[in-house]
Amino acid sequence: ISLNPAYCSMFINENATPSMMEEERFSILNDGDLDIKGVIARPKKNGRFPTVVLAGGLLDTADSAYIKELAKLFLEHDYAVVRFDFTNGFGKSGGRAENITISQRARDLEMVIQYTKRRGYINEGKIGIVAYGFGAMATLVLEGFQALSKAIVLINTPEQIDDTAWTRFDEPEMARVR
């Protein structure tokens with residue numbers, strides 16, 4: 001499946017407007033004292049919604065085009081959707097990109113899911129994760145230790161850290177992030 005905006009747009013109701021959804025912006029302090037920033041969007045209806053957490057790749061943010069397109073797709077099907085920026089990455093969350101580790105991303109994802117489950121409009125028994133690249137690796141790490149979701153979809157998951165397109169690190173640095 002191609003996840004480019006042209007593909008996703010086939011499924012999106014062009015008549016959907018922001019007034020058909022509600023958004024809650026959040027900021028969570030992680031265990032490294034860095035802010036994880038994101039947004040939870042949900043249909044503008046009463047009830048507890050099944051939820052999809054979108055975990056982007058190495059260079060992605062909550063505002064990456066394909067992340068926003070996927071969010072629209074799920075919202076149209078009455079899901080709540082969580083988009084967020086990992087710490088030590090790109091986007092609005094705290095930290096520096098040179099400090100990226102898979103384990104920190106897994107901890108960030110865990111905190112986002114725990115925060116999401118506490119929202120009154122979320123059906124905590126129906127949370128899924130759609131993850132791409134490094135976000136998919138973080139999901140595997142997290143779900144390997146504790147199952148926080150009912151379903152996961154992993155897209156373009158590197159088999160190992162060396163399989164990524166972004167390997168400008170020297171060997172000692174690669175060993176540190178493994």
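The values are calculated or read from the model by the stated rules, or taken from the named source; none is laboratory data. Bear in mind the structure is a predicted one, so any value in this text is a computation, not a measurement. Using ideal geometry, Cβ is built from the backbone for each residue, glycine included, and neighbour counts are taken over all protein chains shown. Protein only, heavy atoms only, side chains kept; ligands, DNA and RNA dropped before computing areas. Shrake-Rupley method; radii C 1.70, N 1.55, O 1.52, S 1.80 Å.
Taking the range 110-133 as the range and being open to solvent by less than 30 Å² (accessible area, probe 1.4 Å), of a type outside the set (Gly, Ala, Ser), in contact with a helix residue (DSSP H, G or I) (Cβ under 7 Å, 6 or more places away or on another chain) and within 18 Å of residue 146 (Cα to Cα) as the test, the residues that pass are 127, 129, 130. Residue 95 falls short on exactly one of the conditions (1) outside any loop (DSSP other than H, G, I, E, B); (2) over 18 Å from residue 153 (Cβ atoms), and that condition is (1).
Candidates in the range 79-92 are the residues that are in a loop (DSSP other than H, G, I, E, B) and of a type in the set (Phe, Trp, Tyr); of these, the one that is nearest to residue 41 (Cα to Cα) is 79. Restricting attention to the range 20-33, which residues are under 17 Å from the mean Cα position of the chain (by Cα) and either open to solvent by less than 70 Å² (accessible area, probe 1.4 Å) or under 18 Å from residue 130 (Cβ atoms) (or both)? Those that are under 17 Å from the mean Cα position of the chain (by Cα) and either open to solvent by less than 70 Å² (accessible area, probe 1.4 Å) or under 18 Å from residue 130 (Cβ atoms) (or both): 24, 26, 27, 28, 30.
Quick one: in the range 56-78, which of the residues that are of a type in the set (A, V, I, L, M, F, W, C) and in a loop (DSSP other than H, G, I, E, B) is farthest from residue 111 (Cα to Cα)? Looking at the filtered set, the residue picked out is 59. Of all residues in the range 41-69, those satisfying the criterion of being hydroxyl-bearing (Ser, Thr, Tyr) and open to solvent by 30 Å² or more (accessible area, probe 1.4 Å) are 61, 66. Restricting attention to the range 98-108 and to residues that are in a helix (DSSP H, G or I) and of a type outside the set (A, V, I, L, M, F, W, C), the residue that is nearest to residue 119 (Cα to Cα) turns out to be 108. Selection of first residues in the range 147-164 that are in a loop (DSSP other than H, G, I, E, B) and at pLDDT 90 or above and of second residues that are surrounded by fewer than 15 Cβ atoms within 10 Å (Cβ to Cβ) and not charged (D, E, K, R), restricted to Cβ pairs under 8 Å at least 6 apart or on distinct chains, gives the following pairs, ordered by first then second residue: 150/125.
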